[in-house]
Structures are given as C-alpha cells and as structure tokens.
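One structure is given below, encoded as structure tokens.
The values are calculated or read from the model by the stated rules, or taken from the named source; none is laboratory data. Fair warning: this is a prediction, and the values are worked out from it, not measured in the lab. Cβ: placed from backbone, ideal geometry, glycine included. Neighbour counts: every protein chain shown.
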Amino acid sequence: MVMVYSAAQRDEAEAALKTGEGPLQVAERLKIKLAVVLRWAAPLKPKLSRSERRRGGRKPLLDEADLQAMSEFVRVAPMCTVPELAAKLAEVRGKSVSGPTIVNAMKRLGLTKTPLARPPSQPAPQTPPRYGPQHRRQPEPGKYPSSLTDAEWAVVEPLLAKLRDPRGRKPSHDKRLMMDAVFYIVRTGCQWRQLPLDMPPWQAVWSTFRRYRDSGLLERLYDALHELWRAAAQRAATATAGIVDSQTVKTTEKGAFAATTPARKPRAARGIWSLTSSDCPSRS
C-alpha cells in the first residue's frame, strides 16, 4: 500500500526541520514515515565543499582571518619555520594547530617552502699526484708494455743466473724472452695457448714458469724488487712495523653503528617561504 502525503504535510515537515527539530520527532508528531521525512530533509542540508566532505563535514580549523594573519607573518619574516609560525598563530589568534595544518594552510595561500641555497664549498687542497712520469713504463720499440725494460732486466738477470736446469741442459730460449712471456700472461690474463707467435711455445713457457714457482725464485724475485722500491723511496729495506686488522664484532649493514649516523635536519626547519604568484590567492 502506497501512502500519499499532501503538499501541506510536506511544507509543515520542512518548516519543522528548518527550525531544528529532528526528523524522528517530526515523523512521530505528524504521523509520517521516517523514511519520507528523511527524503524531504535531504535537499535542505547545506552543500559541503570538497575539503569539508573530506573532513566529514567538520569546519576547517583556520578561517579567513587566520589565513590572512599567517600571510602577514610570512611576509614580515619569510625565514620563519613551521613551529615558529604555529607559535605566532597561537599567540595572536589563540589557536593551537599542528605542523601539517600549517603547511596545508600555506599551500592554500599559494606559499611554498623554497630550500636555501648552500654556500659554495671551499675547494679541496690540491695535492701532487703520487704517480709521476718516473713510474710510467717506457718499453723498447717492438716490445709489449708488459715486457721488461733494460733497468728491470739488470735486476732480474742475476737472480735467474743462479737457477740451473735440473736436467743439466742448456736453455733453448732466451731467459729474458721467457720472462716477457710470463709477464704477458700475468698482465693480459690470456690462456697459455694464446701466447703471441713471436714468443716461445707455450709449453716451454709453462714449464719455465712452473720451475721458477716451485724453486721459490718468484718469491725471491719479489723480495729483491720490493727492497729496491723501498730504497728508491728512501725507506728501510724491510718494514720495521706492521698492522694486523681483523673484524670481531658484527656491525650493521651500513658498515657502522647506528648511533654514528648523523640525525637529519627537520624539513620544517629548512628553507624559506616564497609566493608562487604575486598575490595571495583566496581560499576556494
């Protein structure tokens, strides 16, 4: 059964709703269904803006006078931070709001936080490079960059002269050329079978390298060259002190304790307030 209500009943119900009477009281007093009264009351509700709908119909914390006061604060002191602006608003307008509310209000006024320009850093002192022309290899024409120079061969040759073939045979290839082949392998990382054709066969080079390794010649060669390098640097032939380092305590994944990480500066305490346009736009 469909109930039909007259226009007079609707006008009376709307008048009661406008005076502040609740829909349930109106329905009981006029003997009208509550659903009908709610349908009549829907057009009488004030329309809310998008921001008011997002806040569930609540009024904004800051009105037009508050926004105008904040705009004046920023114009006078564009370097003020968000906490300082909130304290000034509480002092003058008597309203205590949070930092995000201040930031949103600034956006409604067209104000943005511009980061301050960092001062130019001092140029780092120029230190002379430790790698100079004296360290650059100057190979002889027709040789590889990994080949021994005459000065290097003068140091290596006496050490090789002390090593004899255990089979008592005379070497089939020049010792300097054999060392150049070994250094070529070490420097380029190629396979033994990929030695250039102008070098001895790879089988002979491999046998020579294995004999030098097993006899300890390579270690003695390294020690001799290391002493010469220290003497050229005006240092003692052997080191007089050493440092042994080991990690016994597991640290964080960042490679340091968390307490050593410097604290970041709050975003609200950085930058300067600046207008995006010449005039402050009105709140929509």
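Observations on the model:
Residue-by-condition table, conditions (1) assigned to a helix (DSSP H, G or I); (2) hydrophobic (A, V, I, L, M, F, W, C):
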| site | (1), (2) |
| --- | --- |
| LEU177 | yes, yes |
| ALA181 | yes, yes |
| ARG210 | yes, no |
| HIS226 | yes, no |
| ARG230 | yes, no |
| ARG235 | no, no |
| VAL244 | no, yes |
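- Contact map, the stretch 17-31: first residue closer than 14 Å to ALA42 by Cα, second residue surrounded by fewer than 12 Cβ atoms within 10 Å (Cβ to Cβ), Cβ cut-off under 8 Å, separation 6 or more or different chains; pairs are LEU17/LEU44; LYS18/LEU44.
- If you go through the stretch 130-161 and pick out every residue that is aromatic (Phe, Trp, Tyr) and modelled with pLDDT under 80, you end up with 1.
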